[in-house]
Number of protein chains: 6
Amino acid sequence: MVACAAGLVKEGNETMTRLVEYADASPEVRAVYDDIMATRRIDWINNFWKALAAHPPTLKRIWENVKAVMAPGALDPLVKEMIYVAVSVTNNCEYCMHSHTAAARAKGMDDAMLAELMAVVGLANETNRLANGYRIPVDERFRNP
Amino acid sequence: MVACAAGLVKEGNETMTRLVEYADASPEVRAVYDDIMATRRIDWINNFWKALAAHPPTLKRIWENVKAVMAPGALDPLVKEMIYVAVSVTNNCEYCMHSHTAAARAKGMDDAMLAELMAVVGLANETNRLANGYRIPVDERFRNP
Amino acid sequence: MVACAAGLVKEGNETMTRLVEYADASPEVRAVYDDIMATRRIDWINNFWKALAAHPPTLKRIWENVKAVMAPGALDPLVKEMIYVAVSVTNNCEYCMHSHTAAARAKGMDDAMLAELMAVVGLANETNRLANGYRIPVDERFRNP
Amino acid sequence: MVACAAGLVKEGNETMTRLVEYADASPEVRAVYDDIMATRRIDWINNFWKALAAHPPTLKRIWENVKAVMAPGALDPLVKEMIYVAVSVTNNCEYCMHSHTAAARAKGMDDAMLAELMAVVGLANETNRLANGYRIPVDERFRNP
Amino acid sequence: MVACAAGLVKEGNETMTRLVEYADASPEVRAVYDDIMATRRIDWINNFWKALAAHPPTLKRIWENVKAVMAPGALDPLVKEMIYVAVSVTNNCEYCMHSHTAAARAKGMDDAMLAELMAVVGLANETNRLANGYRIPVDERFRNP
Amino acid sequence: MVACAAGLVKEGNETMTRLVEYADASPEVRAVYDDIMATRRIDWINNFWKALAAHPPTLKRIWENVKAVMAPGALDPLVKEMIYVAVSVTNNCEYCMHSHTAAARAKGMDDAMLAELMAVVGLANETNRLANGYRIPVDERFRNP
């Protein structure tokens, strides 16, 4: 990764994505960065937030959503991160696969858990197509439990 | 649902999907049905298996995969079912959404857990597109943890 | 299915999709209908074409594409129909699954072939996610054969 | 591609995916590798299998599925590979597009066949959306052939 | 549609989705309903909001997002609705296709505009696969404009 | 990017995609290239067309489709390009995201418009899953407007 002036980062031949560094951020953006770091108890901001910061309303809105949805609740945060990985793998989002796998590991996911998660994701993507392709009618007892 | 002769089931205007009832099943298929019921400790076979049974090699192969992948392991079965629901919702598989939500509920998922699962699925599908659309480079520390 | 006046067809509670019947079609649309029937050696027009006919430029454009792409060539029409089914199952397009499965059967696909096609589709959807999820690097010999 | 010690392979900036080389494989994994090479009559193991080998139960399970599903049957192996390519292109799985295109070529697919396959895939992805978007009702004769 | 007691609605054979009617809503939910009706200048609540209301935090969060994102801005609301339709057609979300097509029509979209929107959606879904399938390298001038 | 002989272009480790340069093109292909440049009032051919040119029937067919669909009509070209970007982001087509974002910018899209487009795309991908996952019945007034 080559860091250029003006916060532009180039990855190999990758198009330059404008990333807003903390040092260059407006007070509005820094407030969000501070909240991310405080909430997550970390001391750095990842590229996802730096990229969204180019449009501060989006940065704020998405952070508020993530903060609310990923907080501990009826599901604990590790389970939530694993669900996030499952969706990201299904959709082939490279960035999200990396960031949420890292988050899941930080919350306790080990290699064995990841392998089983991947196995479920693969199998579900398979049986989803079999169920759709065979036009299987939903059982009465599933409709009216 | 209207049950016709010969195991054909018609759902409303739905195309007839051939479902193999236990009573009409070959010994090979019955063996799989028995294993499903024994493994799951239930006394009935759902339409997914009855539809696959029209091609016994597929029935056997898929059941063996499901049995292996969904067994308790590093992840417990409830978490696996919730991951299955997450993928099925992402892919909009009606049958799988019904059957795996039912399975998850049977394993302990309540309404609050389902609502949070759906919230994560929705949010992940959103941020997957933002990350891809903004061409966000993966942070160095995610690549080389 | 209930046929209403003015070519509106209602399927159960389904929203009314405007379908242009031959009898009500403009000369421009009839010309396309005639070409479809002549090319396919059939005597009826299916709902897909009747729906597109509400926008004649789209009807003509899509028919010209289908006629060109699905003609016999390096791949024979049956193989092309099976590829069409595979994509339609992957994408869960109900209409296309029905129409192209019918077309494939008309061209020689039997139940055993369909079952194997479905098995490949399911497996491919599974391994696609495993390959993406595990971030597997493409082998040098695949890049430079 | 840079080969590192301990079987870690780094592709450009790509995250290190753990690939299990034959020389470092357990007897259990080697048994699967041997079966792959014997079945396919080749003398090498590709990265997909080497990556799955990090979780031997998944390696075995997926290989058994691939062996069964891709064997000659009602459909011949070349047709099966082309269906695999079609799904992989639809889902944008880079690894699978490469590996299955290579497999299809090895089984007889030439450039003209590949171009026609791609044309069908593109067209099907288009008409799938038109059919869904226009909410086209499935013709009665497709439901009850 | 059959309206049952307790706000359960059954559509044909459709599973009962719990919809929270205004009359049965808590003050918290009614506040959101009121804001929706005031913002949109309408006098009714659609099923999407009534379904989300079963989990009030989700109802509030999603409404706040929709209100912010769909407001007039650099893009006018009609363009935003058409983009919403385009995504919903691509993903085959039946509910969203209906509701956002209705919203777009209310904001000025006519049949000719919808037909052209659908044509672009279909073509984009086609060329997306051709570009991915042919592994076309991004032109230098697109990466560094 | 490294230009090789015979029109093969290699991008980093990217597989060689055969791109047909104007200088090496047949009269048939040059005719299409000329039409593209004349229609778009540009003096260069991008890699998408150069790649399709390896199969001239596909080059011609796709160009004719693009020319027809993207022409000014009930929707203006800028709106059409933004819809194209929305679909390409949803499907994660890297090439198309780049080329159509460039085209949209050339037609007047600025950063603020792009940010709002991305916000709608993300939100639509989220609510599509919520609507599908909650199995929300389509309101009667949407079905029968």
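The values are calculated or read from the model by the stated rules, or taken from the named source; none is laboratory data. None of the values given here were measured: they were computed from a predicted structure. Glycine also receives a Cβ, built like all others from the backbone with ideal geometry; neighbour counts cover every protein chain displayed.
Odds and ends about this structure:
- Among the residues listed as B:Asn132, B:Asn128, B:Asn65, the single one being within 14 Å of the chain's Cα centre (by Cα) and among the polar types (S, T, N, Q): B:Asn65
To keep it simple, each residue is scored yes or no on (1) away from chain C (no Cβ under 12 Å); (2) part of a helix (DSSP H, G or I).
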| position | (1), (2) |
| --- | --- |
| B:Arg30 | yes, yes |
| B:Asp34 | yes, yes |
| B:Asp43 | yes, no |
| B:Ala51 | no, yes |
| B:Val79 | yes, yes |
| B:Val85 | yes, yes |
| B:Ser88 | no, yes |
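- Check on E:Ala119, free of Cβ contacts under 8 Å to residues at least 12 places away in the same chain, at the interface with another protein chain (Cβ under 7 Å from one of its Cβ atoms) and over 26 Å from A:Arg61 (Cβ atoms): yes
- Residue within segment C:102-110 that is under 16 Å from the mean Cα position of the chain (by Cα) and either within 7 Å of chain D (Cβ to nearest Cβ) or on the phi > 0 side of the Ramachandran plot (or both) present: yes
- Annotation note: of C:Val89, C:Val79, C:Val85, the sole residue that is of a type outside the set (S, T, N, Q), surrounded by 18 or more Cβ atoms within 10 Å (Cβ to Cβ) and within 16 Å of D:Leu114 (Cα to Cα) is C:Val79.
- Some residue of segment D:64-75 being over 27 Å from C:Asp76 (Cα atoms) and at pLDDT 95 or above: yes
- Verdict on D:Ala53 being at pLDDT 95 or above, aliphatic (A, V, I, L, M), surrounded by fewer than 24 Cβ atoms within 10 Å (Cβ to Cβ) and farther than 22 Å from C:Val89 by Cβ: no
- Checked against the criterion of being free of Cβ contacts under 8 Å to residues at least 12 places away in the same chain, closer than 14 Å to A:Arg129 by Cβ and not in a loop (DSSP other than H, G, I, E, B), the candidates C:Arg129, C:Arg105, C:Arg141 yield just one match: C:Arg129.
- C:Glu116 vs. criteria closer than 30 Å to D:Leu19 by Cβ and modelled with pLDDT of 95 or more: no
- Yes/no for B:Glu64 being of a type in the set (Asp, Glu), more than 7 Å from chain A (Cβ to nearest Cβ), assigned to a helix (DSSP H, G or I) and without any contact (Cβ under 8 Å) to a residue 24 or more places away in the chain: yes
- Answer residue from segment C:108-122, given it is part of a helix (DSSP H, G or I) and not aliphatic (A, V, I, L, M) and is surrounded by the most Cβ atoms within 10 Å (Cβ to Cβ) among those: C:Gly122
- Of the residues making up segment E:90-101, those that are at the interface with another protein chain (Cβ under 7 Å from one of its Cβ atoms) and assigned to a helix (DSSP H, G or I) are E:Thr90, E:Asn91, E:Glu94, E:Tyr95, E:Cys96, E:Met97, E:His98, E:Ser99.
- Candidate set from segment A:1-28 (those that are at pLDDT 55 or above and in a strand (DSSP E or B)); member that is farthest from B:Ala131 (Cα to Cα): A:Arg18
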